[in-house]
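A.B. asks: Got a structure here, written out as structure tokens. Questions coming.
Please treat every number below as a calculation from the coordinates, not as lab data. Small disclaimer: the values here were computed from a predicted structure and weren't measured.
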């Protein structure tokens, strides 16, 4: 597990729906911060980032427009 995955896992496991948008914003920020450093697009970590990003998008759709990032 990568450190940037923690906020996403918190969002995915959260039972209080009002907290999920906060976790998703943190997850997005963590991924964006990680992508500021070079990363091999063929690496396992890069694939994990892509998969996590898809999960974030799915949760955003489920929890409404207030969780979308412009």
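A.B. asks: Per DSSP H run of n ≥ 4, the term is -39500 (n - 2.57); total these for the chain, divide by its residue number, and report the mean residue ellipticity at 222 nm rounded to 500 deg cm²/dmol.
C.D. replies: Roughly -19500 deg cm²/dmol at 222 nm, from the helical runs in the chain.
A.B. asks: May I pose another question? So what does the Cα-only Debye profile of the chain read at q = 0.26, 0.27 Å⁻¹, as log10 I(q)/I(0), no solvent term?
C.D. replies: Debye intensities relative to I(0), on a log10 scale: -1.18, -1.25.
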